[in-house]
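Participant: Supplied in C-alpha cells, the structure appears directly below.
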Amino acid sequence: MNEKHEQTLPLRIGTRGSPLARLQANMVADALRAAFPVLAAPTAIEIVIITSTGDRIQDRPLAEIGGKGLFIKEIEEAIHANTVDIGVHSMKDVETVLAEGTEIAAILPRADPRDALIAAEARKLSDLPPGAVVGTTSVRRRAFLLAQRPDLKIITFRGNVESRLRKLNDGLADATLLAVAGLKRLKMDDLLVGALDIDDMPPAVGQGAIGIQARSADCRPGAAIATWLAAIDDRDSRLCVTAERAMLAKVDGSCGTPVSGLAQIRDGVLHLTAKLASDDGREVVAASASGSADNAAAIGTRVGAELLAQAGQNVTL
C-alpha cells in the first residue's frame with residue numbers, strides 16, 4: 001500500500017442522513033471500492049452522517065431560512081474542519097458559490113433529470129382536477145406548475161421523499177412532485193408512471209447528478225483523493241452540470257429564483273436550454289445555445305445573459 005494512501009485512510013465521506021442521501025454516499029463509496037483495491041478493505045471508507053439545517057427546519061420554505069445551501073452548509077464546515085474528507089451532494093442542492101477552499105471534484109454519471117407527478121389519480125398535469133392542491137416548496141416547480149395550470153393551489157411541502165409521501169397519503173395535498181432520479185435510486189419505480197415531459201416541468205440545474213466536494217488542497221495533481229475521485233468522475237455529466245451552473249451563476253439564481261436548466265451532449269456538442277419564470281408563472285422566457293462541450297462554462301454564461309436580457313423586458317421577478 002502506498003504511504004500516501006495510508007495517510008489518507010480511512011476516507012471519510014460526509015452526507016446528510018436521509019435514506020436517499022445515505023444511498024448516494026454509498027454509491028460513491030461503492031464506485032471508489034470498485035476502482036481501487038486499497039479502498040475495498042472493510043475499514044478503508046467511513047460514512048459520516050451530518051444533520052443539516054435544511055433537514056432540521058421543516059416548517060418553512062427554504063427561501064425564508066437561507067436557501068438550498070442549508071442542505072450542505074454543515075457538510076462544508078466538516079470538510080473545512082477536517083472531520084470529513086469529502087462530501088456527497090445532490091447537485092441540485094448545491095449553491096453556485098462553494099465554501100472557500102473547496103471544489104466539486106467529481107460527478108457521477110447523471111441519472112434521469114425529470115420530475116414525476118405523484119398523485120392517486122393523475123398521471124400528467126392535465127389530469128389534475130380544477131383547483132387541485134399540490135404540495136411543494138420548490139419555487140421552480142411552483143412557477144412552472146402555475147404557468148400551465150394557474151388554477152392549482154400550491155402549499156408548502158418540506159421533508160425527504162418518505163415524509164412527503166406520508167403527507168400525501170395523509171391527504172394534505174392531492175399531488176406532489178419528486179425527482180425521478182431519487183425515486184429510481186430508492187427503488188420506488190412504481191411511482192414513475194407520472195414522469196413528466198421536460199417541456200411540461202423543466203428540471204432544476206444539476207437535477208439527477210451526484211457531486212463530490214473536497215478540499216482544493218486535496219484536488220491537486222498527484223494527491224490521493226484527487227486520483228481516486230478522478231477515476232469515478234463522469235466527464236459528460238461534469239460538463240453538462242458545469243454549463244447549467246454557469247448559467248445559474250449569471251442569472252444569480254438561488255432557491256428563490258424560478259429557473260431551470262438542462263444541458264445534454266450529443267456527438268461532442270453541448271446543448272443547453274434554460275427557462276426563467278415569474279413567481280406566479282404568468283411570464284416565462286427561454287434561451288438556448290450549443291457549442292463544443294469543452295466550452296461548457298462559456299455556453300452557460302451566454303445562456304444566462306440571454307435569459308437576463310429577455311427577463312428585463314418580459315419577466316417581473
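Participant: Dividing the Cα radius of gyration by the Kirkwood radius, what Rg/Rh value follows for region 165-210? Please list the in-between numbers first.
Facilitator: Numbers: Rg = 11.7 Å, Rh = 11.9 Å.
That ratio is 0.98, to two decimals.
Participant: Among DSSP beta bridges whose residues both lie in the chain, state the antiparallel percentage, nearest 5.
Facilitator: On the way: 33 of 45 bridges.
Of all bridge pairs located within the chain, approximately 75 percent are antiparallel.
Participant: Hey, what's the Kirkwood Rh for the chain if you take every pair of different alpha carbons, in angstrom?
Facilitator: Details: mean 1/r = 0.0495 Å⁻¹.
In the chain this quantity evaluates to 20.2 Å.
Participant: Evaluated at 20 °C with a viscosity of 1.002 mPa s, what Stokes-Einstein diffusion coefficient in µm²/s does region 125-241 have when Rh comes from the Kirkwood expression over alpha-carbon pairs?
Facilitator: Working: Rh = 16.7 Å.
The estimated diffusion coefficient comes to 128 µm²/s.
Participant: With n ≥ 4 as the cut-off for DSSP H runs, can you work out [θ] at 222 nm for the chain, using -39500 (n - 2.57) per run divided by the number of residues, rounded to the nearest 500? Spell out each step's value before the answer.
Facilitator: Details: 11 runs with 109 residues, N = 317.
Per the formula, -10000 deg cm²/dmol.
Participant: Something else: How large is Rg/Rh for region 195-242, to two decimals, with Cα atoms and a Kirkwood Rh?
Facilitator: 1.14
Participant: If you take the Cα atoms of region 183-317, find Rg, then find the Kirkwood Rh from the mean of 1/r over all pairs, what is Rg/Rh?
Facilitator: With Rh from the inverse mean 1/r over Cα pairs, Rg/Rh is 1.03.
Participant: Right, something else. With a ≥ b ≥ c taken as the square roots of the eigenvalues of the C-alpha gyration tensor of region 238-317, please select rounded if a/c is under 1.5 and otherwise prolate if a/b is larger than b/c or oblate if it is not?
Facilitator: Numbers: a/c = 2.28, a/b = 2.06, b/c = 1.11.
In terms of gyration-tensor shape, prolate.
Participant: With bins 5 Å wide starting at 0, give me the P(r) of region 102-142 over every alpha carbon pair, in whole percents.
Facilitator: Per 5 Å bin, starting at zero, the Cα-Cα P(r) for region 102-142 comes out as 5, 15, 20, 18, 13, 11, 7, 6, 4, 1 percent.
Participant: Something else now. What residues have an amide H closer than 5 Å to that of ILE50, excluding those fewer than 5 places away on the same chain, when H is modeled at 1.01 Å from N in the peptide plane?
Facilitator: Under 5 Å from the amide H of ILE50 lie the amide H atoms of THR15, ARG16, GLY17, each far enough along the sequence or on another chain.
Participant: Suppose a student asked you for the relative contact order of region 183-317, using Cα pairs under 8 Å spaced at least 6 residues apart; what percent would you report?
Facilitator: Working: 197 pairs, mean separation 30.4, N = 135.
In percent, rounded to a whole number, it is 23.
Participant: Relative contact order for region 119-221: what percent, with Cα pairs under 8 Å and sequence separation of 6 or more? The partial results should precede the final answer.
Facilitator: Details: 95 pairs, mean separation 30.6, N = 103.
Computed value for region 119-221: 30 percent relative contact order.
Participant: Which entries of LYS153/LYS250; LYS73/LYS153; LYS167/LYS275; LYS153/LYS184; LYS167/LYS187; LYS184/LYS250 have Cα-Cα distances beyond 26 Å here? Kindly include the intermediate steps, with their values, before the conclusion.
Facilitator: On the way: LYS153/LYS250 31 Å; LYS73/LYS153 32 Å; LYS167/LYS275 30 Å; LYS153/LYS184 28 Å; LYS167/LYS187 20 Å; LYS184/LYS250 31 Å.
Over 26 Å apart, Cα to Cα: LYS153/LYS250; LYS73/LYS153; LYS167/LYS275; LYS153/LYS184; LYS184/LYS250.
Participant: So how compact is region 69-147: Cα radius of gyration and Dmax in angstrom?
Facilitator: Radius of gyration, then largest Cα-Cα span, for region 69-147: 17.7, 52 Å.
Participant: Could you work out the relative contact order of the chain, using alpha carbon pairs under 8 angstrom and six or more residues apart, expressed as a whole percent? It would help to have the intermediate numbers written out before the result.
Facilitator: On the way: 650 pairs, mean separation 63.1, N = 317.
Relative contact order comes out at 20 percent.
Bear in mind these aren't lab numbers, they're just calculated from the coordinates by the rules spelled out. This one's a predicted model, so the numbers in the text were calculated from it and none came from an experiment.
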